[in-house]
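For reference, the structure discussed in these notes is given below.
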Amino acid sequence: MFEGYLIGVGIYALACYLYDNLRTPMYLLYRSWQQRHKPQQIHLMEKYGKWAAVTGSTDGIGKAYARELARLGFNIVLISRTQTKLEAVAQEIETDFAVETFIVQCDFSKGAEIYNNLFNKLSEKPIGILINNVGIGHNPPGPIGTFSPEHMWQVINVNIGAATQLSRHFIYKWRKAGEKGLIVNISSGIELQSCPFGSIYGGSKAYMQSFTKALQEETKNMGITIQLCSPNFVVTKINSYSMKVMRGNLLIPPPEEYAKWAVSTLGKVDETSGYFWHGIQNAIWKILPYRLRAALFVIICKKLVDKLGKMETREETNKS
């Protein structure tokens with residue numbers, strides 16, 4: 001009898017694990033099959049309108065999201081730091097997809113001072129989808145003493161401040177107007193364990209996970225959808241500290257491939273890795289105890305990073 005009880009508990013635990021970790025990858029696989037064999041228009045516009053905004057939209061995952069949304073017919077608000085890049089991407093999207101674009105030059109690393117002007121600019125378009133993608137990392141990674149105070153605040157302002165301010169602004173705006181909206185907060189698979197040699201970046205992604213899940217509870221009866229999207233390695237310049245990562249492989253896709261999978265989940269799931277193979281990778285990774293994951297992460301980091309920052313060079317920087 002006791003053995004039967006233990007078997008029952010084991011089956012229940014396995015079922016919970018499989019549901020929790022394979023639900024989204026299986027949905028991604030289904031959507032991929034559906035798009036190839038049963039093409040259909042995604043009706044996000046009927047719910048959220050024709051305008052989507054993407055931060056950090058001139059490179060990497062942000063640009064790929066903007067292009068994929070434009071391919072579906074959305075007009076795109078491009079938000080990024082460099083005016084010339086914004087103009088080039090806007091022209092590219094308008095030419096390739098025959099949609100409207102609207103550019104907003106904004107340097108999130110400057111912190112609170114930029115938001116009044118940013119919100120005034122964004123009010124010019126009826127934005128119904130927001131992709132909080134903008135982020136910066138450590139190049140090269142290293143112990144915390146190797147990062148200057150200026151870099152520390154840039155990571156905090158960009159990786160934490162931007163998503164926090166923009167989420168607050170749009171949730172308040174949509175709720176006040178009685179409108180529906182969708183926010184995607186781009187986090188990272190690093191949220192699954194501590195991030196030695198990238199402690200500030202890793203901490204910002206742990207914040208993003210906790211923040212996004214809290215917002216999901218706060219807005220679930222408002223007609224506002226909040227999605228947590230947590231990619232693992234993608235071939236983008238934020239990972240340029242590693243030649244191995246930048247070469248890519250099945251588990252490390254180019255941003256264009258990643259965005260095709262990730263955009264297919266919009267309005268469908270509230271939490272995703274955004275890419276089928278990342279979901280499978282995470283399901284295997286989460287079998288391991290937390291402490292073992294953290295220890296293995298250090299080993300993997302040292303194998304992948306071309307050159308870790310040295311503590312002694314940091315001390316000189318911090319004195320300046």
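Can you tell me which condition Ile183 does not meet? The list is (1) among the β-branched types (Val, Ile, Thr); (2) farther than 23 Å from His43 by Cβ; (3) in contact (Cβ under 8 Å) with a residue 40 or more places away in the chain, and all the others hold. Failed condition: (2).
Within segment 215-239, being in a helix (DSSP H, G or I) and either more than 30 Å from Cys301 (Cα to Cα) or open to solvent by 50 Å² or more (accessible area, probe 1.4 Å) (or both) holds for Leu215, Gln216, Glu217, Glu218, Thr219, Lys237, Ile238. In segment 242-253, the qualifying residues are those that are surrounded by fewer than 22 Cβ atoms within 10 Å (Cβ to Cβ) and either in contact with a His (Cβ under 9 Å, 6 or more places away or on another chain) or in contact (Cβ under 8 Å) with a residue 24 or more places away in the chain (or both), and the one that is nearest to Asp306 (Cα to Cα) is Ser242. Within segment 198-214, the set of residues being part of a helix (DSSP H, G or I), open to solvent by less than 50 Å² (accessible area, probe 1.4 Å) and among the small types (Gly, Ala, Ser) comprises Gly202, Gly203, Ser204, Ala206, Ala214. Taking the listed residues Glu68, Glu92, the one that is within 25 Å of Met45 (Cα to Cα), surrounded by 15 or more Cβ atoms within 10 Å (Cβ to Cβ) and under 20 Å from the mean Cα position of the chain (by Cα) is Glu68, with no other qualifying. The lone criterion from (1) open to solvent by less than 30 Å² (accessible area, probe 1.4 Å); (2) free of Cβ contacts under 8 Å to residues at least 24 places away in the same chain; (3) more than 21 Å from Gly56 (Cβ to Cβ) left unmet by Arg291 is number (1). Of the candidates Gly161, Gly142, Gly135, the single residue that is over 18 Å from the mean Cα position of the chain (by Cα) and closer than 30 Å to Val298 by Cα is Gly142. Among the residues of segment 198-255, those that are polar (S, T, N, Q) and over 12 Å from the mean Cα position of the chain (by Cα) comprise Ser199, Ser210, Gln216, Thr219, Asn221, Thr225, Thr236, Asn239, Ser240, Ser242, Asn249.
Could you please let me know if Val298 is touching a Pro at 6+ places or on another chain (Cβ under 9 Å), assigned to a helix (DSSP H, G or I) and under 22 Å from Phe147 (Cβ atoms)? The answer is yes for Val298.
The values are calculated or read from the model by the stated rules, or taken from the named source; none is laboratory data. Please read these numbers as outputs of a predicted model, since none were measured by experiment. Neighbour counts are summed over all protein chains in view; Cβ atoms, including those assigned to glycine, are modelled from backbone coordinates with ideal geometry. The area values use the complete protein model at the heavy-atom level, side chains included, leaving out ligands, DNA and RNA. Shrake-Rupley method; radii C 1.70, N 1.55, O 1.52, S 1.80 Å.
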